């Protein structure tokens, strides 16, 4: 099976578009279509359904993608091992980060890592915790940094960084001048939730449950798919929310948002390095893992 065709197939799968895959692979759209046609003929299955402008993988396409990623990862690992044998560290690394570590922690760490290894190209995929964990599980990513542990015995989680979740309100909110609120008051306020799969949401619900507060009793007014969206919604007085202090540090500093302590509630958490227990590491992947562990919060 031609590895170049598998690379093109994976791009079509990930980007859900023949034209975007062509741009990413520096190929024309007809050439991309020809690669996919050859694969479908060789395997005697249909890999994609063409629904207007969108390309949707069939079940056969989903199965092939998992194997194709493993094959391409093995190819990359071989190239990196040979480069290291020649005294060089070069190649590509694709890693994942859930929203907060992906936006606020990993970029600076990647920058310092590349100062040591300038010939390494790093692609950072940012998605919610559940998606990153599933991509590591399926072999699409070698490692990730996420905001919560997922219950799966094939995955390994290692603590890296501390974080603090805070109750954030608009400066005009009637809680803004208070030194703290009672825990039971939280369930009566219009509350903006992060989406299902978010590490912030999972951790928040777990902490509140341990404190005896059922989040199902919350007066939820909206659910949003990013911290930025919630941050803007709080400013627009849609409601209040619990967010990472790292994500709203500037707003707190310049008093565009206010942090209100909740009596008796500790909202600390960890970010975790997630890897597959049984999959081998590429030399670059292992080097970056070691680098993360060396630089984790003590």
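Brief remarks follow.
- Test: residue in the stretch 177-184 that is at pLDDT below 95, under 30 Å from residue 72 (Cβ atoms) and more than 24 Å from the chain's Cα centre (by Cα): no
- The one condition from (1) closer than 24 Å to residue 65 by Cα; (2) in contact with a strand residue (DSSP E or B) (Cβ under 9 Å, 6 or more places away or on another chain); (3) surrounded by fewer than 19 Cβ atoms within 10 Å (Cβ to Cβ) that residue 152 does not meet is (2).
- The C-beta contact set for the stretch 41-53 (first residue touching a residue at least 60 places away in the same chain (Cβ under 8 Å) and at negative phi, second residue surrounded by fewer than 11 Cβ atoms within 10 Å (Cβ to Cβ) and assigned to a loop (DSSP other than H, G, I, E, B), distance under 9 angstrom, 6+ apart or interchain) is empty.
- So residue 274, is it modelled with pLDDT of 95 or more, crowded, with 16+ Cβ neighbours inside 10 Å and over 12 Å from residue 192 (Cα atoms): yes
Residue-by-condition table, conditions (1) on the phi > 0 side of the Ramachandran plot; (2) within 23 Å of the chain's Cα centre (by Cα); (3) at pLDDT below 95:
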residue: 68; (1), (2), (3): no, yes, yes
residue: 85; (1), (2), (3): no, no, yes
residue: 126; (1), (2), (3): no, yes, yes
residue: 129; (1), (2), (3): no, yes, yes
residue: 145; (1), (2), (3): no, yes, no
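- Answer residue from the stretch 1-25, given it is surrounded by 18 or more Cβ atoms within 10 Å (Cβ to Cβ), touching a strand residue (DSSP E or B) at 6+ places or on another chain (Cβ under 9 Å) and free of Cβ contacts under 8 Å to residues at least 40 places away in the same chain and is nearest to residue 54 (Cα to Cα) among those: 18
- Within the stretch 26-59, the residues that satisfy the criterion of being crowded, with 17+ Cβ neighbours inside 10 Å and closer than 24 Å to residue 131 by Cα are 47, 48, 55, 57.
The rows are residues; the columns are (1) in contact (Cβ under 8 Å) with a residue 24 or more places away in the chain; (2) out of contact with any helix residue (DSSP H, G or I) (no Cβ under 6 Å at 6 or more places or on another chain); (3) outside the structural domain of residue 11 (by TED's automatic domain parsing).
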| residue | (1), (2), (3) |
| --- | --- |
| 90 | yes, no, yes |
| 103 | yes, yes, yes |
| 107 | no, yes, yes |
| 114 | no, yes, yes |
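- Flag for residue 243 being assigned by TED's automatic domain parsing to the domain that holds residue 169, in contact with a helix residue (DSSP H, G or I) (Cβ under 7 Å, 6 or more places away or on another chain), part of a strand (DSSP E or B) and crowded, with 18+ Cβ neighbours inside 10 Å: yes
- Candidates in the stretch 158-201 are the residues that are assigned to a loop (DSSP other than H, G, I, E, B) and in contact with a helix residue (DSSP H, G or I) (Cβ under 6 Å, 6 or more places away or on another chain); of these, the one that is farthest from residue 264 (Cα to Cα) is 197.
- Checking each residue in the stretch 214-230 for being touching a helix residue (DSSP H, G or I) at 6+ places or on another chain (Cβ under 6 Å) and surrounded by 14 or more Cβ atoms within 10 Å (Cβ to Cβ) picks out 215, 218, 224, 227.
- In this structure, residue 63 does not qualify as surrounded by 13 or more Cβ atoms within 10 Å (Cβ to Cβ), touching a strand residue (DSSP E or B) at 6+ places or on another chain (Cβ under 7 Å) and part of a helix (DSSP H, G or I).
The values are calculated or read from the model by the stated rules, or taken from the named source; none is laboratory data. Predicted, not measured: the structure shown is a model, and the values here were computed from it. Counting neighbours? That spans all protein chains shown, and the Cβs are built from the backbone with ideal geometry, glycine included.
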